[in-house]
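The block underneath contains the structure these notes are about, expressed in structure tokens.
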Amino acid sequence: MLLKTKNLMKAFGGLKAIDKVDFELPAGEIRGIIGPNGSGKSTFFNLVSGVYDPDPGSYIEFDGHDITDEPPHKIGALGLSRTFQLLRLYQDMSVINNVMSGYHTRVKYKFFDAVIGRKKIWDQEKEIKDEMMELLSFVGLADYAELNASELSGGQRRLLVLARAIAMKPKLLMLDEPAAGLSPVNVDNLMKIIMQLKDKYGLTLIIIEHILKVVMDTCNTVTVLDHGQKIAEGTPSQVKDDNAVIEAYLGKKMNDEEMRKALAV
Amino acid sequence: MEKFKKIISQYPFLGFIIAYLILLCVPTIFFTDLYQSHLSSLIFVNIIVAAGLNIVKGYCGQVTVGHVGLYAVGSYTAGCMFMYLGSDLWMTLPAAIIVTGLFGIAFGIPSFRLEGPYLALATLGGGEAIRLFIENGEFFGSTYGISSISQPVIFGVPFDTPDKYYYISMPVMLIAVYFSYSILKSSIGRAFMSVREDPISAAASGIDIKKYKILAFILSAMFAGAAGAVYAHLPPGYIHPNNYTVIEMVTFLAMVVFGGLGHIWGGIIGAIIITIVYDLTRPLYEYQLFIFGLTIVLTILFMPKGIGGFIDKIFIDKRFKKKKVEEGK
Amino acid sequence: MKKLKIIFSTLVFTAGLALSSIAQANDIKIGVSFRMLSDVGYKHGELITDTVAMWNKEGGINGRKIDLILYNDECKSEKGVANATKLAYQDKVHVIIGSSCSSVTLPMVPVITKAKVPQIIPHSTSSKITMQGSEYIFRVPVSSRFYKLVQGKFTAEQQGKKIAYIYVPDQASMVFAKEMIQFMKDEYGVEPTYAVQAGEKETDFRSYLMKAKATNPDVIVLSGLVDETVRMLVQSYEVGIPKSVHRVANSVASKVEVPTNAGKAAVGVVYSAAFAASDTRPIAKKFVKKIKSTYGVTPGHDFSQMQDLLDMLKPALTKASAKFSGDLAADRLAVRDAIAGITNFTGLASGPISFCANGSPECRDGNKTPVMIKYSRGGKNWKTAVAGTVTFNPSDGL
Ligand SMILES: Nc1ncnc2c1ncn2[C@@H]1O[C@H](COP(=O)(O)OP(=O)(O)O)[C@@H](O)[C@H]1O
Ligand SMILES: [Mg+2]
């Protein structure tokens with residue numbers, strides 16, 4: 001298993017945002033996480049990536065390492081990359097610098113070499129820049145490399161955070177609502193790029209997405225959260241037919257017609 | 001020209017050698033009196049401080065209003081080493097850099113927990129505490145200051161006049177700027193910026209926030225230390241706590257803001273312009289504070305990224321427009 | 001093309017600026033550097049400007065116009081050194097006046113000595129300044145080496161030798177008290193009846209005052225900053241130390257806040273200065289009136305010293321400029337020698353001011369006669385009277 005959580009728990013005051021979630025993800029899979037608003041999806045990401053400390057009794061393992069109490073940067077260095085629902089772009093940095101800072105964990109030269117500015121730094125920097133420019137042109141942002149990230153459009157920003165997360169060549173990439181707010185055409189485009197990147201870099205993916213169609217179309221397995229609990233897990237078609245899921249989404253049983261509409265399959 | 005640019009980007013050191021050669025000739029060609037050398041040395045000292053301040057404030061985004069205290073630590077390390085051990089600049093400079101770097105750790109630790117105005121207050125307190133400590137410490141010469149700090153002697157030639165000291169302060173400044181350039185252009189500089197922009201996503205990219213915050217404080221402290229030592233030995237070699245007050249701090253900050261916070265040349269441009277403007281307005285002392293206040297306010301209003309950011313924007317806009325025109329065709 | 005235009009016009013503009021600042025070769029140039037932006041500092045600047053303007057109106061000195069260049073040093077040595085360097089090498093002045101703060105004048109001395117420009121000090125008192133042996137420095141005020149002794153000498157000879165000391169941790173306040181204690185020991189072999197250093201930022205000194213009172217002193221020394229001095233004076237009456245016990249304060253007693261805020265408690269407090277506004281000599285009365293009407297303040301010794309400086313500089317410049325050759329180095333030497341030739345100048349200062357040729361402190365600390373001043377009335381309409389003068393030998397306190 002690439003990622004494993006056991007008895008994962010997080011409470012904010014009295015609210016159990018994540019409640020005893022056991023989660024297993026084999027390498028190479030594309031996993032979808034769905035659930036109504038406030039069901040704990042983002043919190044799950046924040047726990048796994050170390051942004052939040054899990055409550056005692058929880059256990060998280062990534063790539064064979066116990067990362068339950070590791071700080072975020074260590075988890076990142078192990079090859080776990082993520083995006084944020086609110087993007088968290090580096091607004092006041094150029095597009096290329098945004099991506100290049102995602103490369104951080106792969107930089108080989110030593111600190112002292114950088115201070116005295118040895119030649120190999122500049123050689124490596126050039127290599128890094130070339131590679132990152134390639135990544136940028138892959139997502140279609142090469143022309144904007146020197147611009148400030150704040151000058152990009154909403155869709156371009158989503159591509160940029162994606163590129164930044166990929167820059168570290170992660171083993172596992174976790175995307176928090178990557179397509180939120182995009183027009184259907186752009187959503188298709190983005191998903192296409194994500195799939196290409198997955199193949200190119202051999203990624204394992206977890207995607208949180210509220211557009212169910214996207215999840216149903218692209219994911220191998222889907223995990224459903226509600227009130228912090230895992231209420232269902234299975235292939236998209238299994239999950240689609242799960243009564244608990246339907247109830248969680250709409251609060252009542254539906255006939256086939258209504259359900260098809262809701263899930264927009 | 002393109003080729004030249006490419007070579008420089010691969011061997012930035014060459015660029016600094018060229019700058020060195022040019023600056024070596026500047027006094028003989030352009031200077032008409034010793035004061036210009038003296039002013040140049042002051043500019044160089046300010047450049048070193050501002051370049052360091054740009055690392056911690058401009059790049060890493062950590063508010064510090066106590067930097068002038070670190071500059072004082074550098075000066076007084078040099079001053080005391082001279083007074084008690086008779087050391088010359090070659091000894092005091094590295095010592096000042098190390099000692100001030102250690103003080104940088106103390107200034108950086110509050111940044112783990114504090115932000116913005118609170119961190120400003122904490123560092124302000126630190127800087128003032130250092131000055132008061134010096135002012136009340138007989139060991140440091142208290143309010144008498146330390147005088148007659150020696151100038152370096154090279155091959156029997158004492159560099160004890162402003163025109164000669166230029167050749168000491170200038171290379172130190174260039175080396176400092178070179179270090180700041182290579183640090184900021186490397187992954188370290190990018191890590192600083194990410195910490196400034198968004199610590200949470202920086203951490204997600206594997207960047208150790210605490211490490212880079214403290215590193216920024218240490219590095220910038222080392223710059224301040226070097227500047228302090230160069231200033232202490234500047235003829236006539238006199239240091240006094242009055243030169244390390246909040247007013248000096250504001251001036252250093254003004255340099256960085258005016259030159260462009262977070263711009264690789266920001267501190268340097270700012271130090272040059274502010275020092276020269278200050279000098280030109282010397283006879284207008286009644287309006288000097290007003291002129292400075294106005295400059296800062298106007299800069300923040302109309303050039304929020306300072307001169308450096310302004311120039312960059314012109315270039316980038318131009319390039320971008322050109323591209324768009326080409327695409328249009 | 002546009003760029004060229006901009007560059008060209010900037011060049012023309014700066015060249016114009018440079019030209020306009022080049023004065024006539026015939027002029028006498030005086031450079032000034034001191035703390036200009038404090039309230040009185042600004043008025044000192046006005047006093048110089050007005051005086052020089054008057055000289056020029058009267059036809060200059062030997063027909064030469066006087067150019068005045070004023071810089072502010074904010075009481076910061078970095079600025080003072082830069083000002084001195086600029087005045088010496090770029091503005092090419094004949095003589096420099098400055099500075100207010102000793103910590104600024106001190107490092108200016110090596111600069112002007114190397115540049116061979118005479119400098120004459122209006123305010124700085126630190127004895128170290130003239131002890132560097134520079135032949136280019138002249139001091140109008142009384143040196144701290146005399147001030148250091150004057151209070152002790154005056155107190156011991158005219159007030160009594162049983163002395164209690166209370167001082168605050170401020171540097172100057174501590175030094176004043178400790179040096180006086182030392183002086184009493186060395187000079188008269190007496191120990192203090194009581195001596196204590198108050199705590200940092202303390203405002204209630206009554207417990208110390210009670211203990212001091214218990215030792216039955218003739219004199220009680222209260223050394224603090226303005227605010228603390230006022231409190232100690234007032235509280236000394238609160239704890240019932242009788243009027244007959246002399247109160248001695250350090251030089252902050254000369255600040256107007258002391259009599260204004262301490263009121264009656266300030267009466268009898270003695271401090272030393274180089275000039276008293278209560279001086280009854282006609283020349284002093286006239287001066288006080290002039291400063292009051294022109295600048296709206298009662299002049300202290302910093303004003304009188306500036307006036308004395310200008311009054312003695314004018315004849316020296318007249319003498320020197322008669323021999324001006326146009327060679328700056330030689331002309332500066334001429335000015336230096338003319339100033340060094342000033343002997344027994346009697347102006348506003350409490351004693352005659354004399355210089356001599358070599359660079360020793362004996363030669364260059366011009367005024368050796370501090371005056372003792374006491375408050376004869378406190379409150380808003382405070383009044384002072386001269387309590388006496390003490391004249392020192394040129395080598396005293398070295
Ligand atoms: N930092 C926090 N402090 C307090 N409550 C939080 C915090 N983060 C999330 N929550 C709460 O936890 C619940 C789950 O939130 P979240 O994981 O963001 O949901 P989702 O991403 O599934 O919409 C919500 O009720 C939310 O208000
Ligand atoms: Mg969410």
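So which residues in region A:66-87 are more than 16 Å from ligand 1 (Cβ to nearest atom), basic (Lys, Arg) and crowded, with 19+ Cβ neighbours inside 10 Å, if there are any at all? Break it down into steps so the answer makes sense when it comes.
Kept after step one, since they are more than 16 Å from ligand 1 (Cβ to nearest atom), are these residues of region A:66-87: A:66-71, A:73-81.
With the extra rule that they be basic (Lys, Arg), the set shrinks to A:74.
Correct list: empty.
In region A:43-55, which residue that is closer than 25 Å to B:Ile207 by Cβ and more than 16 Å from ligand 2 (Cβ to nearest atom) is surrounded by the fewest Cβ atoms within 10 Å (Cβ to Cβ)? Walk me through it before giving the result.
Filtering region A:43-55 down to residues closer than 25 Å to B:Ile207 by Cβ leaves A:43-54.
Then keep just the ones that are more than 16 Å from ligand 2 (Cβ to nearest atom); that gives A:50, A:53-54.
Numbers: A:Gly50: 24, A:Asp53: 13, A:Pro54: 21.
Top of the filtered list is A:Asp53.
Considering each residue of region A:183-215, count those that are more than 19 Å from A:Arg164 (Cβ to Cβ), buried (at least 17 other Cβ atoms within 10 Å of the Cβ) and out of contact with any strand residue (DSSP E or B) (no Cβ under 8 Å at 6 or more places or on another chain), and give that number.
2
Which members of region A:20-42 meet the condition of being within 16 Å of ligand 2 (Cβ to nearest atom) and surrounded by fewer than 21 Cβ atoms within 10 Å (Cβ to Cβ)?
If the condition is that a residue be within 16 Å of ligand 2 (Cβ to nearest atom) and surrounded by fewer than 21 Cβ atoms within 10 Å (Cβ to Cβ), then A:Pro36, A:Asn37, A:Gly38, A:Ser42 are the ones that fit.
For (1) modelled with pLDDT of 95 or more; (2) over 20 Å from C:Asp331 (Cα atoms); (3) not in a strand (DSSP E or B), each residue gets a yes or a no:
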{"position": "C:Val81", "(1), (2), (3)": "yes, yes, yes"}
{"position": "C:Ala84", "(1), (2), (3)": "yes, no, yes"}
{"position": "C:Ser103", "(1), (2), (3)": "no, yes, yes"}
{"position": "C:Thr113", "(1), (2), (3)": "yes, no, yes"}
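Suppose the filter is at pLDDT below 95, more than 14 Å from chain C (Cβ to nearest Cβ), surrounded by fewer than 24 Cβ atoms within 10 Å (Cβ to Cβ) and in contact with a helix residue (DSSP H, G or I) (Cβ under 7 Å, 6 or more places away or on another chain); does B:Gln10 pass it?
Working: at pLDDT below 95: yes; more than 14 Å from chain C (Cβ to nearest Cβ): yes; surrounded by fewer than 24 Cβ atoms within 10 Å (Cβ to Cβ): yes; in contact with a helix residue (DSSP H, G or I) (Cβ under 7 Å, 6 or more places away or on another chain): yes.
Judged against the criteria, B:Gln10 is a match.
Between a residue in region A:38-67 that is closer than 24 Å to A:Pro178 by Cα and assigned by TED's automatic domain parsing to the domain that holds A:Lys20 and any residue that is polar (S, T, N, Q) and near ligand 1 (Cβ under 8 Å from one of its atoms), which pairs come within a Cβ distance under 9 Å, given they are 6 or more apart or on different chains?
A:Lys41/A:Gln85; A:Ser42/A:Gln85; A:Phe45/A:Gln85; A:Tyr52/A:Thr43; A:Tyr52/A:Asn46
Could you check region A:1-19 and list, in sequence order, the residues that are loosely packed, with under 15 Cβ neighbours inside 10 Å, more than 8 Å from ligand 1 (Cβ to nearest atom) and either outside the structural domain of A:Thr221 (by TED's automatic domain parsing) or among the aliphatic types (A, V, I, L, M) (or both)?
A:Met1, A:Ala11
Pick out the one residue from A:Ala180, A:Ala149 that is within 16 Å of ligand 1 (Cβ to nearest atom) and surrounded by 14 or more Cβ atoms within 10 Å (Cβ to Cβ). Don't jump to the end; show me each part of the working.
Details: A:Ala149 fails: within 16 Å of ligand 1 (Cβ to nearest atom).
Matching residue, one of A:Ala180, A:Ala149: A:Ala180.
For residues that are over 15 Å from the mean Cα position of the chain (by Cα) and in a strand (DSSP E or B), scanning just region A:176-229, find the one that is farthest from ligand 2 (Cβ to nearest atom).
My answer is A:Thr221.
Would you say A:Lys120 is under 28 Å from B:Ile218 (Cβ atoms), at pLDDT below 90, of a type outside the set (A, V, I, L, M, F, W, C) and assigned to a helix (DSSP H, G or I)?
On the way: under 28 Å from B:Ile218 (Cβ atoms): yes; at pLDDT below 90: yes; of a type outside the set (A, V, I, L, M, F, W, C): yes; assigned to a helix (DSSP H, G or I): yes.
Yes, satisfied.
I'd like the full set of residues that are within 27 Å of B:Leu261 (Cα to Cα) and in contact (Cβ under 8 Å) with a residue 12 or more places away in the chain, limited to region B:8-37.
Once the filter is applied, which keeps residues that are within 27 Å of B:Leu261 (Cα to Cα) and in contact (Cβ under 8 Å) with a residue 12 or more places away in the chain, region B:8-37 yields B:Pro12, B:Phe13, B:Phe16, B:Ala19, B:Tyr20, B:Leu23.
Just need a number here: residues in region C:128-180 that are on the phi > 0 side of the Ramachandran plot and not assigned by TED's automatic domain parsing to the domain that holds C:Gly268. Working first, answer last.
Step one: list which residues in region C:128-180 are on the phi > 0 side of the Ramachandran plot, which gives C:133, C:160.
Subset that is not assigned by TED's automatic domain parsing to the domain that holds C:Gly268: C:133.
Result for region C:128-180: 1.
Here is a yes/no grid of residues against (1) over 24 Å from B:Leu70 (Cα atoms); (2) assigned to a loop (DSSP other than H, G, I, E, B); (3) in the same structural domain as B:Ala120 (by TED's automatic domain parsing); (4) without any contact (Cβ under 8 Å) to a residue 60 or more places away in the chain:
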residue	(1), (2), (3), (4)
B:Glu248	no, no, yes, no
B:Phe252	no, no, yes, no
B:Val257	no, no, yes, yes
B:Gly262	no, yes, yes, no
B:Ile273	no, no, yes, yes
B:Tyr285	yes, no, yes, yes
B:Phe292	no, no, yes, yes
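Would you be able to say whether some residue in region A:91-107 is of a type in the set (Val, Ile, Thr), under 30 Å from A:Lys129 (Cβ atoms), in a loop (DSSP other than H, G, I, E, B) and within 16 Å of ligand 2 (Cβ to nearest atom)?
Taking region A:91-107 and keeping what is of a type in the set (Val, Ile, Thr), we get A:95-96, A:99, A:105, A:107.
Remaining after also requiring under 30 Å from A:Lys129 (Cβ atoms): A:95-96, A:99, A:105, A:107.
Then keep just the ones that are in a loop (DSSP other than H, G, I, E, B); that gives A:107.
Add one more test, that the residue is within 16 Å of ligand 2 (Cβ to nearest atom), and what stays is none.
No.
Restricting the search to region B:112-131, which residues are more than 20 Å from B:Pro199 (Cα to Cα) and without any contact (Cβ under 8 Å) to a residue 60 or more places away in the chain? Outline the logic, then answer.
First, pick out the residues of region B:112-131 that are more than 20 Å from B:Pro199 (Cα to Cα): B:121-131.
The answer is B:Leu121, B:Ala122, B:Gly125.
The values are calculated or read from the model by the stated rules, or taken from the named source; none is laboratory data. Nothing here was measured: the structure is a model prediction, and the numbers come from that model. Every residue, glycine as well, gets a Cβ built from its backbone with ideal geometry; the counts of neighbours run over all protein chains shown.
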